[in-house]
Structure formats: C-alpha cells, structure tokens
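Remarks on the structure that follows.
The values are calculated or read from the model by the stated rules, or taken from the named source; none is laboratory data. Computed from a predicted model, the values in this text were never measured in an experiment. No Cβ is skipped: glycine too gets one built from the backbone with ideal geometry, and neighbour counts run over all protein chains shown. Heavy atoms of the whole protein, side chains included, go into the accessibility calculation; ligands, DNA and RNA do not. Shrake-Rupley method; radii C 1.70, N 1.55, O 1.52, S 1.80 Å.
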Amino acid sequence: MEKEVLVWPFGKKNPRPPYKGDEDESRPCWKKKSIFFELEYWKFLPVRHCLDVMHIEKNVCDSLLGTLLNVPGKTKDGIKARLDLVEMGIRTELAPNLDGPKKTRLPLASWNLTLDEKKSVCGCFYCMKVPQNYSSNVHNLVSMDDLRLNGMKSHDCHVLMQQLLPVALRAVLDKPVRVAVIRLCLFFTEICSKSFEVSKLPKIQSDIVETLCLLEKYFPPSFFDIMVHLTIHLVREIELCGPVFYRWMFPFERYMKVCKGYVRNRARPEGCIAKNYIAEEAVEFLAERLLSDKTIGIPKQRSKDCRRTSGAKISSIYGGEFKQAHLCVLQNTEEELREKQRNGEFTQEGAVDVLTAALKTPEHTGRVRGVGGYVACPNQYFSLPKRRKQSVTQSTRLSVRQIMFEEQKKMEERLKEKIAAEEREKIVAEEREKIVVEEKEKLTEEIREKILKEETEKIKAAQDAYCEGSSMQQREGAPPSSTRRHHESINV
C-alpha cells in the first residue's frame with residue numbers, strides 16, 4: 001500500500017519551516033498532493049498524464065542555447081551555480097572568484113564558448129539556407145550584435161534541436177562535450193519519427209540515460225531541471241501510447257493561431273471567436289451542400305487504373321507507324337464498331353475517337369496521341385487544366401464567391417424579368433389609351449353627323465314652309481311688308 005503523502009499548509013499565513021539540511025526528515029519533499037489521487041483508480045493508471053514533447057523540446061533547447069551562448073536570463077550558469085559546485089565539493093577549479101573583476105569572476109568551463117566560437121555558431125545560423133516551407137527564416141532569429149537567438153517559436157526550436165544545432169556545433173567545444181550535446185539532439189530526432197521498431201526502444205532508453213550522465217559530467221547541476229529530467233520518461237510513454245505526433249501540441253497551437261485571427265474586438269475575444277467559428281462552419285456546410293467541390297475532409301485518390309505504374313515507360317509513334325497500328329487495331333476490333341465507322345454513325349466525343357473506343361482505354365489526361373505534325377482539332381484532345389491545390393480558407397473563399405456570383409446572376413435575371421413585365425404593361429396601357437381615344441373620336445364624329453342631320457332637316461322644313469306660304473300669298477295677293485321681311489330673312 002502506498003505511503004500517504006502529507007499535505008503541508010502553505011501561503012503567507014502558514015510559511016514553510018526553515019531548511020535544516022539533508023538530515024532534516026520532518027520537512028516534507030512535496031507540499032501538495034494532487035486531487036486526482038482521491039480517485040480510486042488513479043494510482044493504478046500506467047500513464048496519469050501525457051508529457052508534451054513539443055514544450056519539453058523547446059525548454060531543453062532554450063536552456064541549452066542559453067547556457068552555451070551565455071544569454072543573460074536564460075543561462076543556467078552563474079555565481080549561484082558555481083557556489084553549488086563548491087558546496088557539493090565537485091569541480092573545485094570552477095569556483096567563483098568573488099573578489100576579482102566582473103569579467104574574471106567565473107572561470108571558463110567546458111560548456112562556455114569563447115567570443116570567436118560564439119561568432120562562429122551565430123554566423124553559421126545567420127548564413128543557413130533551408131528549403132521552402134521547411135522552417136521559418138533562421139536568418140531573422142540571429143542577432144550578431146548580441147550573439148544570441150531571439151524570438152524562437154516551438155517549431156524553430158524543433159528544427160534547431162534536431163537538424164541545425166549539430167551542424168553549428170561541429171567545430172566548437174571539446175569533443176566529449178560536443179558528442180554529449182549531439183547525442184541529446186539525436187534522441188529527440190529518434191522519438192519524433194513516425195514509425196518505431198519496438199525492439200529498439202530499450203536501446204533508445206539506455207542511450208538517453210547514458211547521454212544525461214555524460215551531460216552531468218560537463219554541465220552545471222542547475223542545468224538539470226525538471227524538463228531535462230522528463231526526457232527519461234518519454235520512451236516509456238511511446239511504448240504505452242504510441243508515436244509522439246499523435247499527442248504533441250503542434251496542431252493545437254496552429255489552431256489557436258487560427259482562433260486568434262478571429263478576434264476583432266480585443267475587449268470580447270471569446271465572442272469574436274465563437275461568432276467567426278459559427279460563420280465558418282455555416283459557410284462550410286453550405287459549400288458542401290450546394291457545391292460539388294469538397295472543401296474539407298480526406299482528398300479522394302486521384303490515381304486511376306488506366307494510368308501507368310511506377311517503372312513503366314510510354315513510347316510515342318508517329319506517321320506511318322501510327323497508321324499501321326491504327327489499321328491493325330481496327331481490323332481486330334468488334335464488327336459493330338467497324339460497321340458504325342463505315343456507315344458514319346460513330347461520332348467522336350473529345351479525345352474518345354475510334355482507336356480509343358477500340359482499345360477500351362481512355363486517353364491519358366493532359367496529353368495528345370502522336371498523329372504527326374498537325375492536329376486538326378487540338379481542343380478535342382486536351383482536357384481542362386488541373387486545378388491547383390487549395391487550402392481550406394482559399395476553397396471556402398472560392399465557394400462563397402461562387403455562391404455570391406450565382407445569387408447576383410439570379411438577381412439580375414429577376415430584374416430583367418421585372419423590367420420586361422413593366423415594359424409589357426406599359427405597351428398594353430398605351431394600346432388601351434389609343435383605343436379610348438379612337439372611341440372618343442368615333443363618338444364625336446357620330447354626334448357631329450347627327451347634329452348636322454338635324455340642322456339640315458330643320459332648314460329643309462323651314463324652306464318647305466316658306467314655299468307653301470309664298471304660294472298662298474301669290475294666290476291671295478301681295479303680302480304685307482312684314483311678311484316680305486320675314487321671307488327675306490328666311491332666304492338669307
């Protein structure tokens with residue numbers, strides 16, 4: 001049964017008791033016990049928490065470079081570290097000279113680099129050129145004035161520790177110290193590989209133990225903090241949990257950078273991240289539902305059965321050899337295909353001609369079969385250009401642009417239909433007004449003719465009455481003057 005760990009009170013009101021030396025057994029080593037140990041099954045778990053290789057590698061790299069280059073604030077060497085050596089009674093030649101000048105207080109140790117060696121290491125990093133997308137620009141990390149490396153990210157330490165640091169240290173330091181540091185770099189290279197042989201893991205474990213023992217011979221005790229100690233437990237976690245790249249923090253750190261890019265209002269970062277995350281998920285859903293392009297997920301296999309395998313060769317034939325091979329294929333094809341060609345019923349569709357249909361193998365995309373120096377219709381043989389690989393953000397932007405373009409096109413069509421309908425209504429209204437005007441004119445003409453007819457009838461009746469009156473007067477005698485005037489007015 002495990003021994004119960006004492007819970008020692010701590011804080012300003014309950015200060016820790018003074019340290020009385022190694023013989024003091026009443027003072028506990030640990031001042032707090034994790035609450036997870038209250039779970040019954042916790043002490044039986046083989047892996048109680050995963051160790052993050054990314055941060056362990058970064059902290060070891062910072063400590064190593066800070067100690068080698070003697071960077072203030074990052075070096076593990078100093079007056080207190082040398083006094084620890086004096087107290088432990090080891091490496092007495094490295095004891096500090098407190099009464100001497102500041103530059104000579106600390107004697108030169110095996111882990112210290114001279115000024116020329118520092119310039120050599122920093123110049124090596126400064127002039128390094130790596131392939132594209134291999135790492136960040138190491139040139140920007142080096143300060144030749146201060147002879148140090150500034151602003152290193154996790155991936156920068158990953159690349160420096162595994163690839164670049166052994167190259168930069170090959171001409172500096174003593175050979176035993178250099179070998180110990182390079183062995184530590186090779187250990188991180190081995191545990192970060194994507195595949196392992198289980199039989200080699202015990203050898204890797206023994207190598208890291210020997211490497212730390214070698215480092216203890218040449219580096220100060222203050223160098224060996226908890227991060228350096230955790231390297232011993234990494235091989236055990238690989239045996240239990242599998243390769244490192246399934247558990248380290250690189251993908252989460254990258255996604256945190258994406259989430260930081262969502263922040264527009266620094267007073268409300270969580271709201272900005274949540275809002276932009278929901279918007280991106282909605283766009284991805286619409287792009288997946290409405291468009292044929294796949295923006296996320298595992299890409300489909302592009303290889304086809306008709307394509308050549310590795311090691312195969314393609315030979316092209318031209319001129320007479322091509323015609324002879326064409327004739328040979330046609331003579332050995334099915335009767336139906338030859339009959340269609342004779343009757344002119346076979347229609348060529350793109351690169352699928354008679355020869356392709358007879359061979360029953362589609363033409364290789366992006367290539368032209370050799371038919372001599374002239375091709376009648378080259379567009380039939382060339383397929384569309386291959387689409388370039390796009391990231392998730394670029395594909396999402398293109399999908400959104402395509403959706404906006406389609407919506408704009410629909411809106412333009414609706415606007416055109418609306419304008420056409422308004423024009424048709426306008427034409428109908430004009431025709432109706434024209435018909436009304438014609439009806440009014442026709443009615444006016446009828447009224448005018450009717451009035452003219454009535455006036456004509458009245459005048460005719462008056463003339464008839466006048467004629468009858470004049471005939472009666474002639475019979476009776478001359479009419480009076482008033483009657484004569486009346487007759488004259490009527491005649492007028």
State the number of residues belonging to the range 243-274 that are in contact (Cβ under 8 Å) with a residue 12 or more places away in the chain, assigned to a helix (DSSP H, G or I) and over 22 Å from E190 (Cβ atoms).
-> 3
From R484, R397, grab the single residue that is charged (D, E, K, R), modelled with pLDDT under 85 and closer than 30 Å to R289 by Cβ.
-> R397
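The rows are residues; the columns are (1) open to solvent by less than 30 Å² (accessible area, probe 1.4 Å); (2) out of contact with any strand residue (DSSP E or B) (no Cβ under 9 Å at 6 or more places or on another chain).
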residue	(1), (2)
G66	yes, no
R82	yes, yes
I90	no, yes
L94	yes, yes
G100	yes, yes
L108	no, yes
T114	no, yes
E117	no, yes
Which residues, counting only those in the range 76-90, are in a helix (DSSP H, G or I) and touching a Gly at 6+ places or on another chain (Cβ under 9 Å)?
-> none
Among D225, D174, D207, which is out of contact with any Pro (no Cβ under 7 Å at 6 or more places or on another chain), surrounded by fewer than 20 Cβ atoms within 10 Å (Cβ to Cβ) and either among the aromatic types (F, W, Y) or modelled with pLDDT of 95 or more (or both)?
-> D207
Pick from the range 218-242, criterion without any contact (Cβ under 8 Å) to a residue 40 or more places away in the chain and in a helix (DSSP H, G or I), ranking: farthest from L108 (Cα to Cα) = R236
Please work out if Y134 is hydroxyl-bearing (S, T, Y) and surrounded by 15 or more Cβ atoms within 10 Å (Cβ to Cβ).
-> no
Would you be able to say whether some residue in the range 64-74 is hydroxyl-bearing (S, T, Y) and touching a residue at least 40 places away in the same chain (Cβ under 8 Å)?
-> yes
Can you name the number of the only condition in (1) open to solvent by 100 Å² or more (accessible area, probe 1.4 Å); (2) modelled with pLDDT under 90; (3) out of contact with any helix residue (DSSP H, G or I) (no Cβ under 9 Å at 6 or more places or on another chain) that K33 fails?
-> (1)
